[in-house]
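So the structure is just underneath, and the comments pick up after that.
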Amino acid sequence: MSERIAVVEHSALSDSHVAALRDLFDGEYRARHGEWDPDRPYGYSPADVHTTIFRGNRAVAHVGFQRRVIRVGRAEVRVAGTGGVLVHPDWRSGGVGRRVMSRAQQAMRDDERVEFGYLGCRDEVVEFYERTGWSRVNAVERHVSMADATKTVMSHGEPILVFAAVADPRGDAPSWPLGDIDLRGTPW
């Protein structure tokens, strides 16, 4: 079966693309978190861009990102907040995750509104992200609660990873600024 990679703005998702993503996410999370909602996936921030690998009409892998300006220390940083990273269980360990992440990272590089990819994750998946070009940063992160938008959540020590999406004029990757991080919204 042939593999196809699609990079689509959220506003341009077809009904069939949404249905394929719903099948992928519901297969993994429905029992614990309920039905997937593309506009508010499990309380996280929704994606502006969806990178999806299809085998036939079936979505087998996804990486989403949302463009946002966050504050890091005293700097304003344009990020692609990355979430919804998922590979169907039948296609894990075959390089599908690496391919979908690589294509999402290329979409970030191609987007002049993005300086860095940004994500938070569990300790057990940090190695995957590091192998695909992400670097861990240590900082306190502040974000809006996913359960109550009137509350702010501070996190200490959970893995935060970044990916330089632009090069400085010398061709080097820019440095992530130092300081605490304010996501200015819910996490991804």
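The values are calculated or read from the model by the stated rules, or taken from the named source; none is laboratory data. None of these values were measured; they are calculated from a predicted model. As a convention, Cβ positions derive from the backbone with ideal geometry for all residues, glycine included, and neighbour counts pool all protein chains shown. The area values use the complete protein model at the heavy-atom level, side chains included, leaving out ligands, DNA and RNA. Shrake-Rupley method; radii C 1.70, N 1.55, O 1.52, S 1.80 Å.
Numbers for the structure displayed
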quantity	calculated
Amide H contacts of residue 185 (H built 1.01 Å from N, under 5 Å, at least 5 apart or other chain)	144
Gyration tensor (Cα) of the chain, equivalent ellipsoid semi-axes in angstrom	26, 20, 15
Cα-projected label distance for residue 14 with residue 178, points at 7 Å along beta-carbon direction, nm	5.1 nm
Residue with peak Gaussian network fluctuation, the chain [Cα springs, cutoff 10 Å], from 36, 91, 176	91
Two-site label geometry, residue 57 and residue 42: point separation in nm, points 7 Å out along Cα→Cβ	2.6 nm
Accessible-area order (highest first, 1.4 angstrom probe) of the listed residues 29, 44	44, 29
Per-residue [θ]222 nm for the chain (sum of -39500 (n - 2.57) over DSSP H runs n ≥ 4, rounded to 500)	-6500 deg cm²/dmol
Cut-off 19 Å, label 7 Å out along Cα→Cβ of residue 140, residues of the stretch 63-105 by amide N	70-76
Sequence-distant residues sharing a close amide H with residue 88 (under 5 Å, placed H)	61
Cβ-based net charge around residue 5, under 10 Å, with every Lys or Arg adding one and every Asp or Glu removing one	+2
Cα gyration tensor shape for the stretch 77-188, rounded if a/c is under 1.5, else prolate or oblate	oblate
Karplus 3J(HN,Hα) series, Hz, for the stretch 114-130 with 6.51 cos²θ - 1.76 cosθ + 1.60 (x for Gly, Pro)	10, 9, 9, x, 9, 7, x, 7, 8, 3, 5, 10, 4, 4, 4, 5, 4
Phi-based couplings in Hz for the stretch 95-105 (Karplus 6.51, -1.76, 1.60; Gly and Pro marked x)	x, 5, x, 5, 5, 5, 5, 4, 5, 5, 4
